[in-house]
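Data first, discussion second: the structure below is written as structure tokens.
Values quoted throughout were computed directly from the atomic coordinates according to the rules given, and no laboratory measurement underlies them. Computed from a predicted model, the values in this text were never measured in an experiment. Here Cβ is always computed from backbone atoms with ideal geometry, including for glycine, and neighbour counts include all displayed protein chains.
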Amino acid sequence: MEILKDKVAIITGGAAGIGKATAKLFLKEGAKVMLVDRNKSKLLAAVKEFGDSNVSYCIADVSNVLETEAYVSKTVSKFGKIDIFFNNAGIEGKSLPITEYPEEIFDQVIAINLKGVWLGCKYVIPKMNDGGSVIITSSVAGLKGFSGLGAYVSSKHGIVGIMRTAALEFAARNIRVNSIHPGPVNTRMMRDIEKDISPDAPNDVKKGFEKTIPFGRYAESIEIAKLVVFLASEESKYITGTTQVIDGGMTIA
């Protein structure tokens, strides 16, 4: 059974990691997918890999209002509607104490992770069909603090505020809005964070993170994608305004 049959989805940060894994599942479940990313080569590679007429792409910086409007317009032009919005794009920034953190990198993280999410909600949701679903990628860092990741933590906490506000503002249209909060996931982002924390011993950093997770391992992108599919489907039609934690027990340890 294709639980997303004939649904149209936008996925920001769709060229790799969780976004790409989710796109693959969306297509399998019958959806039409617009991949949005600022990395053209990765977008083209993903589209080629999928080899599916139900996937298209748009090169865009989610922190740019004109480019946000462009990916919304392209989706409607290509597929005729929008039912699902996986507001997923994000960057990690640097791993440094607040007192040493470069202001320009802080601004970049907030622009992509927070303003990008806000712009997505601002311009996508008004074009969505009633009864649609918005899923926003936050993090366990949106629920607790992590030393050295002040910009990232701030942005991911802010996402919860946007999510809860949007859930209230669009409830009359039965559009549900939820955030997901993964722990560490086996993606390029975590490899970069590990190297940033300890360039000479990134694997030791990974082992350190794993010790904080009761399940003793990182998540795989497909595991996060399965949660997104559930939240995108009619199986979750009475769930809105929630923080969906998927972290192997990290936040309760």
- prompt: So which residue, out of 238, 57, 152, gets the largest mean-square fluctuation from a GNM of the chain using Cα contacts under 10 Å as springs?
  reply: 238
- prompt: Within a Cβ distance under 15 Å of residue 247, other residues only, what is the Lys/Arg minus Asp/Glu net charge?
  reply: +2
message: Just to check I understand the Karplus step: with θ = phi - 60° and J = 6.51 cos²θ - 1.76 cosθ + 1.60, what whole-Hz values come out for region 201-214, glycine and proline as x?
response: 9, x, 5, 5, 5, 4, 4, x, 4, 4, 5, 8, 10, x
- line: Listed residues 131, 183, 90; largest mean-square fluctuation, Gaussian network over the chain with Cα springs below 10 Å, found at 131
Phi-based couplings in Hz for region 185-198 (Karplus 6.51, -1.76, 1.60; Gly and Pro marked x): 10, 6, 9, 4, 4, 5, 4, 5, 5, 4, 5, 5, 5, 8
Cα-based helix-to-principal-axis angle, 40-50 vs the chain, degrees rounded to 10: 60 degrees
- request: Find how many whole Å separate the alpha carbon centroid of region 174-253 from the alpha carbon centroid of region 35-110.
  value: 19 Å
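Remind me, relative contact order of the chain in percent, using alpha carbon pairs under 8 angstrom and six or more residues apart? Don't skip to the end; give the middle numbers.
Working: 503 pairs, mean separation 49.4, N = 253.
After rounding, I find 20 percent.
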- request: Determine the sum of side-chain charges near residue 167: Lys and Arg each +1, Asp and Glu each -1, restricted to other residues whose C-beta is under 14 angstrom from that of residue 167.
  value: +3
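Only Lys, Arg, Asp and Glu count, each charged at its Cβ (+1, +1, -1, -1), so figure out the dipole size of region 36-178 about its Cα centre, rounded to 20 debye. Can you show the working numbers first?
On the way: 16 positive and 14 negative charges, 78 e Å.
Computed about the Cα centre, the dipole is about 380 debye.
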query: Using a Gaussian network model of the chain with C-alpha springs under 10 Å, which one of 154, 138, 198 is most mobile by mean-square fluctuation?
result: 198
- request: Consider a paramagnetic label point 7 Å from the Cα of residue 192 along Cα→Cβ; state which residues of region 13-28 have an amide N under 19 Å from it.
  value: 13-22
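For the residues 137, 212, what sequence is obtained by ranking on other C-beta atoms within 10 Å, fewest first?
Values: 137 26, 212 16.
Ranked by crowding around the Cβ, least crowded first: 212, 137.
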- request: Please compute the net charge surrounding residue 232, taking Lys and Arg as +1 and Asp and Glu as -1 over other residues with Cβ under 15 Å from its Cβ.
  value: +3
message: Ignoring everything except DSSP H segments at least 4 long, calculate the 222 nm mean residue ellipticity for the chain; use -39,500 (n - 2.57) per segment, divide by total residues, nearest 500.
response: -13000 deg cm²/dmol
field: Other-chain or far-sequence residues with amide H under 5 Å of residue 57's (modelled H)
entry: 35
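Loop-only chymotrypsin sites (Phe, Trp or Tyr not before Pro) in region 179-219, please: DSSP not H, G, I, E or B, and at most 14 other Cβ atoms within 10 Å.
Working: sites: 209, 215, 218; in loops: 215, 218.
Filter output for region 179-219: 215.
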